[in-house]
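The values are calculated or read from the model by the stated rules, or taken from the named source; none is laboratory data. In this text the structure is predicted, and so the values were computed from the model without any measurement. Ideal geometry is used to build each Cβ from the backbone, glycine not excepted, and the neighbour counts take in all protein chains shown.
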Amino acid sequence: MDKQIEVVFAGFGGQGVMTAGQLLAYTAMEEGKQVVWIPSYGPEMRGGTANCTVVVSDDRIGSPIINNPMSACVFNRPSLDKFGSLLRKDGLLLINSSLIDVKSGRDDLTETLIPANDIALKLGNPKVANMVMLAAYVAATDIVSFDTLGGMLDKKMGKKKELLDINHRAFEEGRKLIETIKA
């Protein structure tokens, strides 16, 4: 891992962006890293925008406010429009291509299309699209280990076995997708 990695998870409320960010933050803490998790909600009651920033570092984090993050996982078009332009040069942008039919238009970053909703629907539950995106991000960056991530999923969501199983399958699908792209 680089000294410090920042990622924004962004989408509509209800897409699980906060859960994905929290799970990444808890996993990084479990691995002894320094972590900041900052949620942000739009003013709408339902269906509004939601995003969170996660900063993971081997050293102390100087500021939790990140204006130009290294990476973003965007779940809908408004999030791409907002955060695609804010990423640093040579950054990483994961786009939920199930819901976003355009690219950022930038050629100075790595852009990967993740059909997260399509994969989640094939698994049988559209609510696990966030876990597909999280796993794809972890596979692309190696920010945390998959073993620790899976253990944290068990720890935080382990109450209902059927939900836990489908979330683990979503992790595997997101991971396999990135491994296929890298190959």
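Structure values in brief
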| read-out | value |
| --- | --- |
| Candidates K89, K161 - the one that is modelled with pLDDT of 95 or more, basic (K, R), surrounded by fewer than 18 Cβ atoms within 10 Å (Cβ to Cβ) and farther than 16 Å from G21 by Cβ | K89 |
| Leading residue by the ranking (surrounded by the fewest Cβ atoms within 10 Å (Cβ to Cβ)) among those in region 2-33 that are in a helix (DSSP H, G or I) and of a type in the set (G, A, S) | A25 |
| Selection count, region 142-168, where residues are outside any helix (DSSP H, G or I) and among the β-branched types (V, I, T) | 2 |
| For S97: the one exception among (1) over 24 Å from E30 (Cα atoms); (2) small (G, A, S); (3) in contact (Cβ under 8 Å) with a residue 24 or more places away in the chain | (3) |
| Residue that is surrounded by the fewest Cβ atoms within 10 Å (Cβ to Cβ) [pool: residues in region 52-86 that are small (G, A, S), under 19 Å from L24 (Cα atoms) and touching a residue at least 40 places away in the same chain (Cβ under 8 Å)] | S57 |
